[in-house]
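Asks: Handing you a structure now.
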Amino acid sequence: MVVLAITDPAIPALMQPLLNGAFIEKDPATIAIMPFLFIALFLVRGIASYVGSTSLDWVAHKVIMDLRLAMFDRFIDYPASFFDDNRSGNFMSRFTYDVTQIKEASTNAITTLIRDSLSVIGLLAWMFYIDWVLALICMLGAPVIGILITIIRRRLRKMSSKVQDTMGDIHHVLAECFDAHKIIKLHDGKDIEKERFHNTVNSHRKFSMKFIMAATATSPMVQIITAVILACIIYITTQQASANPLLVGDFVSFFAAVAMLLGPLKRLAGLNEHIQKGLAACESVFALLDTEIETQSGIKELQSPAGKISFQSVTYRYPGTESDALDSISFDIKPGETVALVGESGSGKTTLANLIPRFYELKSGSIYYDDINIKELSLTNLRKNIAYVSQDVILFNDSVKNNIAYGDLKDASDQEIWAAAESACATEFINQLPDKMNTIIGEDGTRLSGGQRQRLAIARALLKDTRLLILDEATSSLDTRSEKHIQSALENVKKGRTSLIIAHRLSTIENADHIIVLDKGRIVEQGSHKELLNLQNNYARLYQVQFCEQDPSDIEN
């Protein structure tokens, strides 16, 4: 780019000897050498332009890759609260759209800034060499251009931020419609979604046009200012031709330098567009990079965990809410004991389970795993010793085998994977798949039924083979037959393990060692199944609601 910039003033510089020496003085040497000088000049410019552009593009794409990798590294470590508070569409937009705006700033902007700034300096130096008075007249337009760019810059930054926000809205609407396509069709919501998407896209178009209008206005204004300056120079030189005559070559060379200034000045004025886009994108991207990740406070590790869990005065409130999700929760789970959490929806069962693997950080109270505060344990070690099956089954667009043996389980043998699948009653449907264990199941397991997806998630937890097993509605998507198989398998799996079970179907936890009943974030009852039925209180009411169609004597039995 430096070579390219240096050769810019060489073009008008060659015009001087070409006109004075070749056309006026008829110098044979000048006539012979000038064609070769022009060929050499443009050969150098062509090579410099190619090398400069491709090299900078390589750097720009590498910058984008590094930024995306850095963003993803942070993304993996964000706490659960981040995903609760942010829309996936806006998040995806930062990865796909905002980062590319930084590319524009790191290619076009840098190229223009370096090359054209050097070109302007070189051309101005040549103009001052020929006639410093005329050169000073040209400089009068600089303050006007500077004020113009400052005014437009503020407008561009504001509109660029709006464009990025609306692009995030587009991603969000698309993601929602993709996930909810069945509901949209079932409830005939296509017109509503079309209107919502139209409004979102139209907002993006409006802000994009406002940005373009502000950016496009810069170049014509710079051209007009430059044209006025050229007109003044022509007028002055023609008026003073008799008093201070310039040679034809000098005048053409000076005029060519002024004309050549127009291109770099126009590009430098348009540079504002790319810089403001890049800066607005940087604000978005680096805000993501500066977002706080999970606290890696603990350094202790569980060596041979027994599976003892203790809650001591645990209180938790989600950010932005006015009431506690959990209020002064205290209880102990002995090693190998099966404890069930029951209660109406919103009573805090899932929140309680999510606190153990530190998906959310406690502000009040303590949780202990084998008498060690979980905040003192490293997150990796803590989670390595917990198997978790949630009510929202998460599967990957990969093979059945890789979904069961995921992450730290990837080195498990085929026999171990098959045994886990068998314990989860999954082998029956796996054998019916086209490629059995190697069958690709689609995004989030869309090629499987709800019960099949649930069984794969259970198989993954069973393969992990930890001392602590958390089941959050693990059988909610199973039919009665599969549920009985799973319950039988879980009874075997739970032996020798500590199990924390969240269930709405109270029939699945009748054999639990201990049942804790939650209501509005507080423990209202606890005991065995029979003890709680005899109390004829919260648990008994929940039980009766579920079995209201049965004979009362069967309930008592």
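The values are calculated or read from the model by the stated rules, or taken from the named source; none is laboratory data. Computed from a predicted model, the values in this text were never measured in an experiment. Please note: Cβ atoms are built from the backbone with ideal geometry, for glycine as well, and neighbour counts cover all protein chains shown.
Asks: Look through segment 340-384, keep the residues that are assigned to a helix (DSSP H, G or I) and polar (S, T, N, Q), and return whichever of them is nearest to Thr295 (Cα to Cα).
Replies: Pass one, segment 340-384, residues assigned to a helix (DSSP H, G or I): 349-355, 374-376, 379-384.
Restricting the remaining residues to those that are polar (S, T, N, Q) gives 350-351, 354, 380-381.
Numbers: Thr350: 21, Thr351: 19, Asn354: 16, Thr380: 12, Asn381: 14 Å.
Filtering first and then ranking leaves Thr380.
Asks: When you scan segment 67-112 for helices (runs of 4 or more DSSP H) that lie fully inside it, which ones turn up with 3 or more residues that are in the same structural domain as Lys266 (by TED's automatic domain parsing) and surrounded by fewer than 16 Cβ atoms within 10 Å (Cβ to Cβ)? Even if it seems obvious, please write down each step before you answer.
Replies: Values: elements: 80-85, 88-93, 99-104.
Answer list for segment 67-112: 80-85.
Asks: For segment 274-319, give me each residue that is free of Cβ contacts under 8 Å to residues at least 24 places away in the same chain, among the small types (Gly, Ala, Ser) and over 30 Å from Thr466 (Cβ atoms). Talk me through it step by step, then tell me what you get.
Replies: At the first step, the residues of segment 274-319 found to be free of Cβ contacts under 8 Å to residues at least 24 places away in the same chain are 286-287, 290, 303-304.
Pick out the ones that are also among the small types (Gly, Ala, Ser) and you get 287, 304.
Answer for segment 274-319, where residues must be free of Cβ contacts under 8 Å to residues at least 24 places away in the same chain, among the small types (Gly, Ala, Ser) and over 30 Å from Thr466 (Cβ atoms): just Ala287.
Asks: Right, next: Looking only at segment 321-336, decide whether some residue is in a loop (DSSP other than H, G, I, E, B), surrounded by fewer than 14 Cβ atoms within 10 Å (Cβ to Cβ), assigned by TED's automatic domain parsing to the domain that holds Leu542 and touching a residue at least 60 places away in the same chain (Cβ under 8 Å). Talk me through it step by step, then tell me what you get.
Replies: Our first condition is that a residue be in a loop (DSSP other than H, G, I, E, B); within segment 321-336, this holds for 321-325, 334-336.
Then drop every residue that is not surrounded by fewer than 14 Cβ atoms within 10 Å (Cβ to Cβ), which leaves 321-323.
Next, from what is left, pick out any that are assigned by TED's automatic domain parsing to the domain that holds Leu542: 321-323.
From the residues that got through so far, the ones that are touching a residue at least 60 places away in the same chain (Cβ under 8 Å) too are 323.
Yes - at least one qualifying residue is present in segment 321-336.
Asks: Of the residues Asp98, Asp84, Asp66, which is under 28 Å from Arg317 (Cα atoms) and of a type in the set (Asp, Glu)? If you could, list the steps in order and put the result at the bottom.
Replies: Working: Asp98 fails: under 28 Å from Arg317 (Cα atoms); Asp66 fails: under 28 Å from Arg317 (Cα atoms).
The match here is Asp84.
Asks: Could I ask something else about it? Would you mind telling me which numbered condition in (1) at pLDDT 85 or above; (2) surrounded by 14 or more Cβ atoms within 10 Å (Cβ to Cβ); (3) farther than 28 Å from Thr351 by Cα Arg447 fails?
Replies: Only one criterion is unmet by Arg447, namely (1).
Asks: Moving to a separate point now. Look at segment 121-138 and say how many of its residues are surrounded by fewer than 19 Cβ atoms within 10 Å (Cβ to Cβ) and within 46 Å of the chain's Cα centre (by Cα).
Replies: 2
Asks: In addition: Could you tell me whether Ser49 is surrounded by 14 or more Cβ atoms within 10 Å (Cβ to Cβ) and at pLDDT 75 or above? Talk me through it step by step, then tell me what you get.
Replies: On the way: surrounded by 14 or more Cβ atoms within 10 Å (Cβ to Cβ): yes; at pLDDT 75 or above: yes.
Against the criterion (surrounded by 14 or more Cβ atoms within 10 Å (Cβ to Cβ) and at pLDDT 75 or above), Ser49 qualifies.
Asks: Within segment 336-361, track down each residue that is farther than 26 Å from Gly527 by Cα and hydrophobic (A, V, I, L, M, F, W, C).
Replies: Restricting attention to segment 336-361, the residues satisfying the condition of being farther than 26 Å from Gly527 by Cα are 358-361.
Within segment 336-361, just Phe359 meets the criteria.
Asks: Taking the condition of being hydroxyl-bearing (Ser, Thr, Tyr) and in contact (Cβ under 8 Å) with a residue 60 or more places away in the chain, how many residues in segment 498-514 meet it? Walk me through it before giving the result.
Replies: Initially, segment 498-514 is screened for residues hydroxyl-bearing (Ser, Thr, Tyr), giving 498-499, 507-508.
Filter once more, so that each one left must be in contact (Cβ under 8 Å) with a residue 60 or more places away in the chain: 498-499.
Qualifying residue count for the region: 2.
Asks: Has segment 153-162 got any residue that is in a helix (DSSP H, G or I), touching a helix residue (DSSP H, G or I) at 6+ places or on another chain (Cβ under 7 Å) and surrounded by fewer than 15 Cβ atoms within 10 Å (Cβ to Cβ)?
Replies: In the first step, residues of segment 153-162 are kept if they are in a helix (DSSP H, G or I); the result is 153-162.
Then drop every residue that is not touching a helix residue (DSSP H, G or I) at 6+ places or on another chain (Cβ under 7 Å), which leaves 153, 155-157, 159-162.
Filter once more, keeping what is surrounded by fewer than 15 Cβ atoms within 10 Å (Cβ to Cβ): none.
No.
Asks: Is it fair to say Asp513 is more than 43 Å from the chain's Cα centre (by Cα), at pLDDT below 75 and farther than 24 Å from Leu456 by Cα? It would help to see each step written out before you state the result.
Replies: Details: more than 43 Å from the chain's Cα centre (by Cα): yes; at pLDDT below 75: no; farther than 24 Å from Leu456 by Cα: yes.
Judged against the criteria, Asp513 is not a match.
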